[in-house]
Amino acid sequence: MCAQIAACPACAVAPSAEELARMSEVTEARIMLSLPTVHCAACISAVERELSRAAGVKSARVNLTLKRVSIEAEADVTAEDMIAALACIGYEAHELDAGTLRATATDKGGRELLMRLAVAGFAMMNVMLLSVAVWAGAEAATRDLFHWISAIIALPAIAFSAQPFFRSAWAVLQVRRLNMDVPISLAILLASAMSLFETIQGGEHAYFDAALSLTFFLLAGRYLDHRTRAIARSAAEELAALEVPRAERIEGEELVTVPIAELAVGDLVRVKPGGRMPVDGEVVEGQSELDRSLLTGETAPVFTGPDCIVSAGEVNLTGPLTVRVLAAGEDTSLHRMADLVAMAESSKNRYTSLADKAAGIYAPGVHLLSFLAFIGWMFATGGDVRISLNVAVAVLIITCPCALGLAVPAVTTAASGRLFRRGMLIKDATALERLAEVDTVVFDKTGTLTQGAPKLENLGEFARRDLEVALALAQASAHPLAVSLASTAKEARVKPANIKSIQEVPGYGITGVWKGETIRLGRASWIGTKASTQTATYLQIGSEKPIEFVFADRLREGASEAVASLKAQGMTLCLISGDGSAAVESLARRLGFDDWVAEALPEDKSARVNMLSDAGAKVLMVGDGLNDTAALAAAHVSISPATALDAARVASDIVLLGNNLSPLGDATGIAKKATMRIKENFGIAAAYNAIAVPIALLGFATPLVAALAMSASSITVSLNALRLR
Amino acid sequence: MEILVYLIPISLFLGGLGLVAFFWTLRAKQYDDPEGDAHRILSDEWDDNPRP
């Protein structure tokens, strides 16, 4: 039974203590990748085969439960190589920092709880068997013998297993407060002491089995709770480390890769095309274009050259840049954003979970009830302490929150397991409950609803000749517009024209010579034409009139399904983007948004979310950019995709591991169901108490009744929770 | 009823054996990847790198 609980529902979401411990022991190069899309035996062998074939890889092992692969390799193998290799066979992968997967005190705690659970389970089963004999009518010497054997098994087992409750209760009592562990510890201790006394006196009733099953069920709840929390914590740590921060510093003639923390103001940093700005700074050398979409939501690339100011988080597109550091580490604009987040977060922490609310009512009530029972029976029996104490203990045992202790953890474990299989990682313990209350959804555009990758819109408008020339030029560049243009043209079976001396002019475009004429593909200002309001690139052949290629952002997979499904659930939808109004409006109309805001600054986004919250709405914010972080933190609950910047992921409660947005619609449904199950569970526990408490108060409670009430309620609650899977 | 003198210690010993076995599985890291292990057994490929 113990093994069952350990192995089954929670494992689907939690990293086991041993797994983490093992990782920390290994000192050689080890790469950890998160694989959100693996799901079957064929995936395991495909991934492992592909990775083992790569040069320098010693071994690769997939953990399907945690959806990750750990690779042991030579020191020169990088995570990027592995991610590229997996992308070839169609698996999405994200780097995890193995350093943060240290075996911490948390994991030792998990193993310790499991040990205690096993001991309690073992003792409970044995004592229960002995008790069956007593309930069946064993008498006199046999009964005493069985009670004594029970005592010998139960007392050491309780002393070992129930320690977590005792410790926590003692800690709270010292500061003169009450929590759930106080009635629990009191019930366990009183029941053991009472039973021992009865056994010595040769009495009829001993509650050893009740004390043990109480310990066992509560430990089970505690263990599930621990695992959900542990994964929440480790997920936050691991994901924070997804983006390993390094920079290339120019030291004399050499480029040295250093951690960002070691950079100082005035250092020169080289940023390659495709690289992300590690610092705030000023361009010293080179020309290029910058993708600012993560910072501002703008989709169109922005030109940069010497003396231009760049901010951390922007992506360099075409040419290598040398940047002088103006602010590093905590002074960068990236970190100033974190202050906004910290301010917004404090409001979120005020949320009181359902479990805390229940405990607040429950803990004082139980004590009062059992104390009243004691006083009442003292009067009724004319001062018979033994009977009064017996009844008081029975009340305490029967009302004890066995089912309450399981009610929340069992549901959260089942629900987060189910969400994990859909590719969602719950980072915060109360996120599910908050998600269930949501009635307004605010989306970010760039990178969230769209992929942040442009797609050519007006392919049909061009002559074959122009397309052939454009394709030939575009093929030579890694600029996102060029890549998109080239791939669309190729799909339309356009053959590249034969162009000589192709040259990329970083920051401006590409030029070449075709049939003796100079051709250019690039920015409007460079070609010498007027730029349109949309994202576009221009082609000029010789001195002909330039032609315009218009691009629009591609929708993320599952975006329209997610929006449609949320709308069908009656949510108010809102789109807030930092992008230009034309692009935002067309997308909002296409997806069916009622409300949209364009050209929003990060402050505007969080202000808007706050305004909605003040008006009484429970806001779900879905966003990925740095400009969304403050809004993500301010919202009632927030979701960000795994492709988001780490700052955004840290600020959000739920992370979407896959590329597809469609699980969003299910998530609110699952969360609602989970909250409903939690409430049902409280109802079930209360119903059991409503029946059992009067019996106990009237003094009819035997150990058999206590055992039945306790096991039955715990099992009903667990089964009810499992319906979620 | 003298039989209890044997039966109770025997049953306790057997139960204890189960407890020890559980501790062993815990230490042998058998709960690392229950889902993966369930699927791996279906794979007809020879596992060259079985878990230590």
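The values are calculated or read from the model by the stated rules, or taken from the named source; none is laboratory data. Everything numeric here is computed off the predicted structure, so don't read it as measured data. Backbone-built Cβ (ideal geometry, glycine too); neighbour counts: all protein chains shown.
So is A:Thr629 over 23 Å from A:Ala410 (Cβ atoms), in a helix (DSSP H, G or I), polar (S, T, N, Q) and touching a residue at least 24 places away in the same chain (Cβ under 8 Å) or not?
yes
Could you grab me the full set of residues in region A:583-608 that are within 19 Å of A:Ala633 (Cβ to Cβ) and among the aliphatic types (A, V, I, L, M)?
Of everything in region A:583-608, those that are within 19 Å of A:Ala633 (Cβ to Cβ) and among the aliphatic types (A, V, I, L, M) turn out to be A:Val597, A:Ala600, A:Leu601, A:Ala607.
Select from region A:434-473 the residues that are small (Gly, Ala, Ser), out of contact with any strand residue (DSSP E or B) (no Cβ under 8 Å at 6 or more places or on another chain) and under 25 Å from A:Ser501 (Cβ atoms) and list them in ascending order.
Answer for region A:434-473, where residues must be small (Gly, Ala, Ser), out of contact with any strand residue (DSSP E or B) (no Cβ under 8 Å at 6 or more places or on another chain) and under 25 Å from A:Ser501 (Cβ atoms): just A:Ala463.
Quick one: A:Lys67 ticks every box in (1) of a type in the set (D, E, K, R); (2) touching a Pro at 6+ places or on another chain (Cβ under 9 Å); (3) modelled with pLDDT under 50 except a single one, so which number is it?
For A:Lys67, the failing item is (3).
Would you confirm whether any residue within region A:554-571 is surrounded by fewer than 17 Cβ atoms within 10 Å (Cβ to Cβ) and under 21 Å from the mean Cα position of the chain (by Cα)?
Within region A:554-571, one or more residues are surrounded by fewer than 17 Cβ atoms within 10 Å (Cβ to Cβ) and under 21 Å from the mean Cα position of the chain (by Cα).
Condition first: modelled with pLDDT of 80 or more and under 30 Å from A:Val584 (Cβ atoms). Now tell me which residues in region A:245-276 satisfy that.
Across region A:245-276, the qualifying residue is only A:Val271.
Considering only region B:15-52, state which residues are surrounded by fewer than 11 Cβ atoms within 10 Å (Cβ to Cβ) and modelled with pLDDT under 85.
B:Arg27, B:Ile41, B:Leu42, B:Asp44, B:Trp46, B:Asp48, B:Pro50, B:Pro52
Given the condition away from chain B (no Cβ under 11 Å) and modelled with pLDDT of 80 or more, answer yes or no: does some residue in region A:12-24 qualify?
No: region A:12-24 contains no residue that is away from chain B (no Cβ under 11 Å) and modelled with pLDDT of 80 or more.
So which residues in region A:593-622 are of a type in the set (Phe, Trp, Tyr) and under 26 Å from the mean Cα position of the chain (by Cα), if there are any at all?
Answer for region A:593-622, where residues must be of a type in the set (Phe, Trp, Tyr) and under 26 Å from the mean Cα position of the chain (by Cα): there is none.
Just to check your reading of the model, which residue among A:Ala617, A:Ala552 is modelled with pLDDT under 85 and not charged (D, E, K, R)?
Going through A:Ala617, A:Ala552 in turn, the sole match is A:Ala552.
Give me a count of the residues in region A:536-567 that are over 29 Å from A:Val302 (Cα atoms) and free of Cβ contacts under 8 Å to residues at least 12 places away in the same chain.
Residues flagged as over 29 Å from A:Val302 (Cα atoms) and free of Cβ contacts under 8 Å to residues at least 12 places away in the same chain within region A:536-567 amount to 0.
For region A:431-454, which positions are buried (at least 23 other Cβ atoms within 10 Å of the Cβ) and under 23 Å from A:Ala300 (Cβ atoms)?
Once the filter is applied, which keeps residues that are buried (at least 23 other Cβ atoms within 10 Å of the Cβ) and under 23 Å from A:Ala300 (Cβ atoms), region A:431-454 yields A:Phe443, A:Asp444, A:Lys445, A:Thr446, A:Gly447, A:Thr448, A:Leu449, A:Thr450, A:Pro454.
Quick test for you: out of A:Glu92, A:Glu72, pick the one residue that is touching a Ser or Thr at 6+ places or on another chain (Cβ under 7 Å), modelled with pLDDT of 80 or more and away from chain B (no Cβ under 14 Å).
Only one candidate passes the filter, namely A:Glu92.
Okay, residues lined up against (1) part of a helix (DSSP H, G or I); (2) at pLDDT 85 or above; (3) among the small types (Gly, Ala, Ser); (4) crowded, with 20+ Cβ neighbours inside 10 Å:
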site	(1), (2), (3), (4)
A:Val650	yes, no, no, yes
A:Arg677	yes, yes, no, yes
A:Asn689	yes, no, no, yes
A:Ala701	no, no, yes, yes
A:Met710	yes, no, no, yes
A:Ser714	yes, no, yes, yes
